[in-house]
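Working notes, beginning with the structure itself.
The values are calculated or read from the model by the stated rules, or taken from the named source; none is laboratory data. The shown structure was predicted, so the numbers you read here are calculated from the model rather than taken from an experiment. We place every Cβ from the backbone using ideal geometry, glycine too, and count neighbours over all the protein chains shown.
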């Protein structure tokens, strides 16, 4: 086994929970294959995971006139898939689907098929292929891969309990390989840690056992993993409660100690927020969240919290310098984009900064510079992912004619196309108007239906009985709108024959609190929003948690900015952990927060559907890709700060 120090380095580079591990892709040689020098080279490359170089060699072996050509072709299909050549893998696999094969080869083909489906984010069909577990006599590597793919399929399908249970089955098979087992056990914890605290409490078995032990460990990560002073005590209690649990000592000691070592406690926080001008109201809501979080702490553990007026964005650097000279060891803000850009380009920052906005940059930011906002682009990407997972493939898009609408449209389209989809139609509307019939009819091709009627009437010379029809190459509508426009658009969509089409939107379409009279007009819409506004399990429409008695904010759109203020106060201690690994996340009021390679924080939200004028929680949508893959897509930034934008 590796020394603990090396194991801890390994933990920071693991893939997403339940992703295919390296050993699982290796296959034993099949005795029927003729092994010559070229074949030996291809197999060596394949078994040592150099898939890009192995794939063409295996494909060349498959093209030889030989009865064993299909075996090489199957491995070539797998190698292309592992190298990211999805289409070539599909082409090679297609002719083999009806071929009779030995049991292990048949299982490999099913696994490659399932892997293809997961890489194109189709977990339901993958689970159908993975329904029957392999026989006990199956080679270990194929069994490992089966359970890893099954766990990933459950995760992508939103069934985190079954995903973790499948990884637990795999854990029993890895006893002889401590390093792989350590990886797998960390995957179990990270899978369960993406569940809400309420879900972990409700679903945990009443009787102590392996599953309940893992769920309790996940809760310890979420609640106390950042607290080096108390985590050892909690682990000791856990060990007494779950004496026979299979969790390895290297996991219990190494991982939790690493979490504690990465926690950084600020003793003096400076906050740069405008007190006048365009962003005064937004800054006031954020300030309220910050102070509410500060008051929620015991008096003896509160840091110094000092506010600076950053109404003039040109003063961002002088204010930062003043704050650090007065003893600040962490800075929150500024809010305006120009002020954020000024600090971003200031060079080395001796004191960390959590900017409350996001700007684009061609250079790597300073290590101590972090950006956090309520990005509408993040929401648009999550709409694309959620619809795709739900099996939708033919969207039409309706956006306002504005820079805000363009940003949401571009983020949605880019993510949809990266998933392999195509957009059926895009139309824009004038948000200053209340009649959207023209763009809706154009989007649904109803205007073309009416044109056909006119041509037939002119041709036949008589009036025709006519019922306009919408296009049939659409299975959902993506709309961006504020609450007022959403209440106007949804009834007009129904009037124009789209009553049976699901409507996906962003959180901007719901004001963040229940209004039975007005929200009848957005019945049925699906949207993501922050946990603070949606009770964990949908039992209430508004969940303010322990901050309810501390907030004076009336129920309004500003609630989201109050939540942002709470998270801004709590984030400083977690930034080093989030920066260290793309897999780490923090359960915030605004969502599950994670960090990309440019130190930008992103939010994974809860999904809800309006029913009887109330949001009914559907659940967390899983992240479809690793953060690094997802964030390779540039974030388009417009004039308005994401944190501030509540109207169009």
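Here are some notes:
- Of the residues 81, 97, 74, 92, the single one that is loosely packed, with under 12 Cβ neighbours inside 10 Å, within 17 Å of residue 113 (Cβ to Cβ) and touching a helix residue (DSSP H, G or I) at 6+ places or on another chain (Cβ under 9 Å) is 97.
Quick grid of which residues meet (1) closer than 20 Å to residue 180 by Cβ; (2) outside any helix (DSSP H, G or I):
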{"position": "74", "(1), (2)": "no, no"}
{"position": "81", "(1), (2)": "no, no"}
{"position": "84", "(1), (2)": "no, yes"}
{"position": "92", "(1), (2)": "no, no"}
{"position": "99", "(1), (2)": "no, yes"}
{"position": "126", "(1), (2)": "no, no"}
{"position": "132", "(1), (2)": "no, yes"}
{"position": "136", "(1), (2)": "yes, yes"}
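- Any hit, the range 150-169, residues being outside the structural domain of residue 618 (by TED's automatic domain parsing), surrounded by fewer than 20 Cβ atoms within 10 Å (Cβ to Cβ), modelled with pLDDT of 85 or more and over 30 Å from residue 534 (Cβ atoms): yes
- Every pair of residues 6+ apart whose Cβ atoms lie under 8 Å, when the first sits in the range 591-620 and is outside the structural domain of residue 505 (by TED's automatic domain parsing) while the second is part of a loop (DSSP other than H, G, I, E, B): none
- Looking across the range 174-199, the residues that are surrounded by 21 or more Cβ atoms within 10 Å (Cβ to Cβ) and farther than 23 Å from residue 146 by Cβ come down to 193, 195.
- Screening residue 391 against (1) assigned to a loop (DSSP other than H, G, I, E, B); (2) over 30 Å from residue 413 (Cβ atoms); (3) in contact (Cβ under 8 Å) with a residue 40 or more places away in the chain leaves a single unmet condition, (2).
- Residue that is within 29 Å of residue 571 (Cβ to Cβ), part of a loop (DSSP other than H, G, I, E, B) and at pLDDT below 65, where the choices are 226, 264: 226
- Options 236, 283, 218; residue that is assigned to a helix (DSSP H, G or I), modelled with pLDDT of 95 or more and outside the structural domain of residue 559 (by TED's automatic domain parsing): 283
- Exclusive hit being exposed (fewer than 14 other Cβ atoms within 10 Å of the Cβ), under 25 Å from residue 129 (Cα atoms) and under 37 Å from the mean Cα position of the chain (by Cα), set 49, 87: 87
- Hey, residue 307 over 28 Å from the mean Cα position of the chain (by Cα), in contact (Cβ under 8 Å) with a residue 24 or more places away in the chain and farther than 18 Å from residue 273 by Cα or not: no
- Residue among 413, 397, 383 that alone is under 28 Å from residue 432 (Cβ atoms), free of Cβ contacts under 8 Å to residues at least 24 places away in the same chain and in the same structural domain as residue 477 (by TED's automatic domain parsing): 413
- Taking first residues from the range 224-238 that are closer than 19 Å to residue 197 by Cα and partners that are modelled with pLDDT of 70 or more and surrounded by fewer than 15 Cβ atoms within 10 Å (Cβ to Cβ), the Cβ contacts under 6 Å between residues at least 6 apart in sequence or on separate chains come to 224/230.
- Residue in the range 240-250 that is at pLDDT 85 or above, within 29 Å of the chain's Cα centre (by Cα) and either outside the structural domain of residue 585 (by TED's automatic domain parsing) or over 24 Å from residue 530 (Cα atoms) (or both) present: yes
- Taking the listed residues 339, 328, the one that is more than 25 Å from the chain's Cα centre (by Cα), farther than 25 Å from residue 265 by Cβ and touching a residue at least 40 places away in the same chain (Cβ under 8 Å) is 339, with no other qualifying.
- Residue selected from the range 402-437 under the condition under 13 Å from residue 388 (Cα atoms) and in a helix (DSSP H, G or I), by the criterion modelled with the lowest pLDDT: 418
For (1) touching a strand residue (DSSP E or B) at 6+ places or on another chain (Cβ under 7 Å); (2) assigned to a loop (DSSP other than H, G, I, E, B); (3) more than 30 Å from residue 477 (Cβ to Cβ), each residue gets a yes or a no:
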| residue | (1), (2), (3) |
| --- | --- |
| 321 | no, no, yes |
| 328 | yes, yes, yes |
| 341 | no, no, yes |
| 365 | no, yes, yes |
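- Selection status of residue 125, crowded, with 23+ Cβ neighbours inside 10 Å and within 30 Å of residue 415 (Cα to Cα): no
- Check on residue 576, in a helix (DSSP H, G or I) and modelled with pLDDT of 75 or more: yes
- Selection of the range 176-204 for residues being at pLDDT 85 or above and in a loop (DSSP other than H, G, I, E, B) yields 176, 177.
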